[in-house]
Amino acid sequence: MENDPLVFDVNIAKEKPNSYRKVKNQADCPFCEVDQLSNIYRQKGDMIWLRNKYPTLRDTLQTVLIESSDHQGDLTTYSQQQNRELLRFSLECFNLLRSEGKYRSILWYKNFGPQSGGSLVHPHMQIVGLKKQDGYHYVSERNFQGITLFDDRNVEVNIAQYPIQGYVEFNVNLHNNQGLDVWADWIQTCAKYLLNVLSNGRCDSYNLFFYPRQKEAICAKLIARFSASPYFVGYKLSQVDNDEKLVIEAEQLKQFYQKQQV
Ligand SMILES: [Zn+2]
């Protein structure tokens, strides 16, 4: 059971309209047509949490959290306040599903950009309940650790020394809910850094994953996405930069954060 893959159900998937995957322009975007949405669980301003209309994975509950009414929006373009509200709201939704106790594990993540594995441009997160699998089976505490560049006000930020995939993964660790705003600001800063500074701006995609830890503690992990390395694809071997490089990157990210705060 532990090593079983998630099953993509072709029978459900074929009901999904073609345009869903091929949405190129805003006119065809299902998340822009708010009055057409159904099975809404919660709504706050233009943030909407709802059941995924076209679930494709067997033995799961797939839900979608629309972040904004702005089709081109992203963590990197929201105001500081908007980003903080989004992270608070999505954490509430995630915790609500956890409190139902119906799922063996619950995943919460988002994709951004062409290399991220997402199918729709419109900014959204996914919260997915797995009935049978432990989604965290391959993830361990040391994946959340690394070279620390910030440790204050209930938040610790590091560059992973034991990344899940590699190369570059930023961990934004929240110790408890008192640090929520600082945590949100750091997630936003890391996303901006990935798209604008890392590799001289060559990175156009990222994933953001949230891993619940003890009590209120949670790790938000931003992974810079490039084509996946064959070492990972073929052998599950992750790669990481050498420590000297990680230290330089950590210092740059710290300076970038300080500039954003001015
Ligand atoms: Zn849209």
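Details
- Single residue of the range 44-62 satisfying the filter (within 15 Å of Ile12 (Cα to Cα) and part of a loop (DSSP other than H, G, I, E, B)) that is modelled with the lowest pLDDT: Tyr54
- Residues located in the range 110-127, provided they are of a type in the set (Ser, Thr, Tyr) and within 15 Å of the ligand (Cβ to nearest atom): Ser119
- Enumeration of residues in the range 49-77 that are in contact with a helix residue (DSSP H, G or I) (Cβ under 9 Å, 6 or more places away or on another chain), β-branched (Val, Ile, Thr) and more than 12 Å from the ligand (Cβ to nearest atom): Thr56, Thr63, Thr76
- Residue count for the range 109-120, restricted to those that are modelled with pLDDT under 95 and either among the hydrophobic types (A, V, I, L, M, F, W, C) or out of contact with any Ser or Thr (no Cβ under 9 Å at 6 or more places or on another chain) (or both): 2.
- The range 113-131 - residue that is outside any loop (DSSP other than H, G, I, E, B) and of a type in the set (Val, Ile, Thr) and, of those, nearest to Ala220 (Cα to Cα): Ile127
- Listed conditions (1) part of a helix (DSSP H, G or I); (2) farther than 22 Å from Asp74 by Cα; (3) in contact (Cβ under 8 Å) with a residue 40 or more places away in the chain are all met by Asp241, apart from (1).
- Residue count for the range 225-235 satisfying the condition of being in contact (Cβ under 8 Å) with a residue 40 or more places away in the chain and not aromatic (Phe, Trp, Tyr): 4.
- Given (1) in the same structural domain as Glu251 (by TED's automatic domain parsing); (2) small (Gly, Ala, Ser); (3) within 13 Å of the chain's Cα centre (by Cα), number of the condition Ser229 does not satisfy: (3)
The values are calculated or read from the model by the stated rules, or taken from the named source; none is laboratory data. Being a predicted model, the structure only gives us computed values, none of them experimental. Here the Cβ is made from the backbone with ideal geometry for all residues, glycine too, and neighbour counts use every protein chain on show.
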